[in-house]
1. Output wanted: per-residue J couplings in Hz (rounded whole) for the stretch 201-206, from phi through Karplus 6.51 cos²θ - 1.76 cosθ + 1.60, θ = phi - 60°, x for Gly and Pro.
2. Calculate how steeply helix 124-133 sits against the longest principal axis of the alpha-carbon atoms of the chain, using the helix alpha-carbon long axis, and give the answer as 0 to 90 degrees to the nearest 10.
3. So how much slack lies between LEU149 and ASN195, counting 0.36 nm per residue of separation and subtracting their Cα-Cα distance, in nm?
4. Relative contact order of the stretch 122-228: what whole-number percent is it, with Cα pairs under 8 angstrom and at least 6 residues apart?
5. Would you mind computing, in nm to one decimal, how far apart the modelled labels at LEU182 and ASP103 are, each placed 7 Å from Cα along Cα→Cβ?
6. So which trypsin sites (Lys or Arg not before Pro) in the stretch 143-194 pass both tests, a DSSP loop state and at most 11 other Cβ atoms within 10 Å of the Cβ?
7. Could you please state how large a percent of the accessible area of the stretch 175-215 is carbon and sulfur, counting protein chains only and using a 1.4 Å probe?
8. Compute the acute angle (0 to 90°) between the alpha-carbon long axis of helix 162-176 and the principal axis of greatest extent of the alpha-carbon atoms of the chain; round to the nearest 10°.
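The values are calculated or read from the model by the stated rules, or taken from the named source; none is laboratory data. These figures come from a predicted structure and were not determined experimentally. Here Cβ is always computed from backbone atoms with ideal geometry, including for glycine, and neighbour counts include all displayed protein chains. With ligands, DNA and RNA removed, areas are computed over all heavy atoms of the protein, side chains included. Shrake-Rupley method; radii C 1.70, N 1.55, O 1.52, S 1.80 Å.
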Amino acid sequence: STIPSNLPVLRTKLIGREAEQKTVLDLLNQTDIRLVTLVGFGGAGKTTLALHTSHALFEKFPGGLFFIDLTSIYEPALILPTIAATLGLQEEPSREIADTLRDFLSNRSILFVLDNFEQLISGANIIASFLDANPHIRLLVTSREALHLRGEHTLSLAPLESADAMQVFTQYAQTLNPHFRLTEDNTPAITELCNKLDGLPLAIELAAMRTRMFTPQALLARPTSDLE
C-alpha cells in the first residue's frame, strides 16, 4: 500500500471484542466524530482492539495511520513533539511545534492511535487544541479513564466472557505448541484459571504463555501474582 503507516503487524485474531470493534468502526466512519476513547482496566485489551480496528480502517485514511505509544511519556508538553517525531517532522527554531504540525497536516486525512494516555490526562486540553487546529484528523485513544473532552465518544471494555477468555488462552498457548487443544482433562482448569484472572486478556495471555513449562492444572495451583 502507498498509504503511510507504522501500525504494528497483527499476529493474532481478535477474540471476544467483535461487538466493540463494530461500535468503534461505526463511530469512526461518521464524519462528525473525531475522538474515540477506549476505556478499561490495564490488561483489558484496549490496545489490541485499537490496532485491529485501525487495520480495518486502512483505506479510509489515505493520509496515513499512525500508532503512538505514550507509555514512557509523563509530561503533557511532550505529546505534540512525540506526534511530530512519529511523522518524521523536525522541530524548527523559534516556531511552535503545533504550527509545524498544522502545516503538515493541512488537508491530510490521518488516524492517530494514541496508546496509554492515562498518565497524561492533565494534558487533555492539548488534544482538544490539536483536534481544533487540524480538522481532517481523527484520534483513537486508549486510556484507563476518559479524557472528558467535548465531542469525545467513550467505549468501556468489560472483562471477557468465559468462552471468549478460553479461546484467548488457547490461541496464545498454541503459539508455543501448535498441538495444544482444549480437552476434557484441561478445560475445567482453564475455565477456572480464566475466572481467577478476571477475564482480562493480557493476564490470560501471560498465563497461556507459561504452558511451555506448566500444565493448566499446575498454573491454576499457582498464586495469581505468579501468573501476571
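1. Those phi angles translate into x, 5, 5, 5, 4, 5 Hz.
2. 50
3. On the way: separation 46, 0.36 × 46 = 16.56 nm, distance 3.46 nm.
Going from the current span to full extension adds 13.1 nm.
4. Numbers: 84 pairs, mean separation 26.8, N = 107.
Value for the stretch 122-228: 25 percent.
5. Placing both labels 7 Å along Cα→Cβ, they lie 5.7 nm apart.
6. Details: sites: ARG144, ARG150, ARG181; in loops: ARG144, ARG150, ARG181.
Hits after loop and neighbour filter: ARG150, ARG181.
7. Numbers: 1370 of 2500 Å².
Carbon and sulfur together cover 55 percent of it.
8. Approximately 90 degrees, to the nearest 10.
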